[in-house]
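Data first, discussion second: the structure below is written as C-alpha cells.
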Amino acid sequence: MTVTTSDGVRLWVEVRGRGTPLLFVHGFPLSGELWSGVAEAVGDGYRTIVPDLRGHGRSEASESASMARYALDLVEVLEAAGEKGPVVVVGLSMGGYVAMELLRRAPERVRALVLVDTRAQGDTAEAARGRQETAERVLREGSEVAGDPMVEKLFAPGAPAPLRDRWRAIMAATPPAGVAAALRAMAVRPDSFGTLASAGRPVLVVVGEHDAITPPDDARRMAEATPGARLAVVAGAGHMTPVEQPERFVALLREFLTGVESPDGWPR
Ligand code: MLT
C-alpha cells in the first residue's frame, strides 16, 4: 500500500499476514527488499509491515530527512496500517538508528526491539564531515558514489557474486536525493546508549560475526548497555545478516518473539 505522510511524501509499504505486528526497518541506502525473505519466512501468526523509508526503494524522496522524520513516518505508517498499539520493531543498521529514535519519540509504539547490525554511538566529528562531503558528491555524481564503496563491506568474505551484484544495483537505484538526505540525517544522529539503558522492554541484538560496518564490538556495547538484552553473533554473516543467513536469523527472531509473547514474559 502507499501512505502519504503529514508532509506530503508518498511511502511504499508492504503489509502481509495477520497476528502480532512486526515492523521492519531497512538500512542505508537499501530498501524494504532487505526484509522480503524474512517477512515471508516468519510464518503464520504475524503481520509484517515493511516500509521503504523516504528516499529509498519505491518511496518518494524529500529534500531533507532526519532520524526524527523517519521515526514519525513509521508512526504514520502504523496508523495507516490500522495498528493502534505497540509493535515489535526490527531495524538493521540505519534502520536500527531509526528504531531507537522511535523508542525515544513514541515509546508507546514499541513493544520490543530487535537491533540488527547496528550501533548506538553517534558519528565522530570526522565521520560526520565525511558523510556531509559524500552527500554533496552524491548529488553531483550519483548514488554509486555512496553505494559502490559499501558493497565490499556489506557481506562476509566469500559471499556469492550475484548477491553483491543484486545489492549494488539496489543501492545504485536509490535516488541521489534520498541518499544525500540519509547521509546528512545520520551525520547528526544522537547517541542512543541512554535510550537503551532505559528501554524497559525486551531487546535482542543481532550481529554478523564478519560485520565490517558495525562490528560485533558495537553490538556487545549495545547489549551491555541494555538491561536484560540478549546478544546473538551470527556465524557466516557480515553486515547483511537477514539476507546472508536468513534461516538462522528467522530462527533467532522466532525464538525472541516467543519469549516476548510468553505469559511469563521475557526470559532473562
Ligand atoms: C547502514 O547500513 O544503514 C549504514 O551503513 C549505516 C551507517 O553508515 O552508519
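The values are calculated or read from the model by the stated rules, or taken from the named source; none is laboratory data. Bear in mind that the values here come from a model prediction, so they are computed numbers and not experimental data. Note: ideal-geometry Cβ built from the backbone for every residue, glycine included; neighbour counts use all protein chains shown. Heavy atoms of the whole protein, side chains included, go into the accessibility calculation; ligands, DNA and RNA do not. Shrake-Rupley method; radii C 1.70, N 1.55, O 1.52, S 1.80 Å.
Taking the criterion of being touching a Phe, Trp or Tyr at 6+ places or on another chain (Cβ under 9 Å), hydrophobic (A, V, I, L, M, F, W, C), away from the ligand (no atom under 16 Å from the Cβ) and free of Cβ contacts under 8 Å to residues at least 60 places away in the same chain, the residues of segment 1-52 that qualify are Ala39, Ile49. Could you please let me know if Ala219 is closer than 27 Å to Leu253 by Cβ, in contact (Cβ under 8 Å) with a residue 60 or more places away in the chain, away from the ligand (no atom under 12 Å from the Cβ) and more than 18 Å from the chain's Cα centre (by Cα)? Answer is no for this residue.
Looking only at residues in segment 76-96 that are assigned to a helix (DSSP H, G or I) and open to solvent by less than 10 Å² (accessible area, probe 1.4 Å), the one that is nearest to the ligand (Cβ to nearest atom) is Met94. Screening Ala146, Ala161, Ala169, Ala127 for residues that are exposed (fewer than 15 other Cβ atoms within 10 Å of the Cβ) and closer than 22 Å to Arg58 by Cβ leaves exactly one candidate, Ala169. Restricting segment 191-215 to residues that are among the aliphatic types (A, V, I, L, M) and open to solvent by 50 Å² or more (accessible area, probe 1.4 Å) leaves a set whose member that is farthest from the ligand (Cβ to nearest atom) is Ala197.
Remark: pairs (first residue in segment 113-136, on the phi > 0 side of the Ramachandran plot; second residue away from the ligand (no atom under 13 Å from the Cβ) and open to solvent by less than 50 Å² (accessible area, probe 1.4 Å); Cβ separation under 9 Å; 6+ apart in sequence or on different chains) = Asp117/Val206; Asp117/Ala219; Asp117/Ala237.
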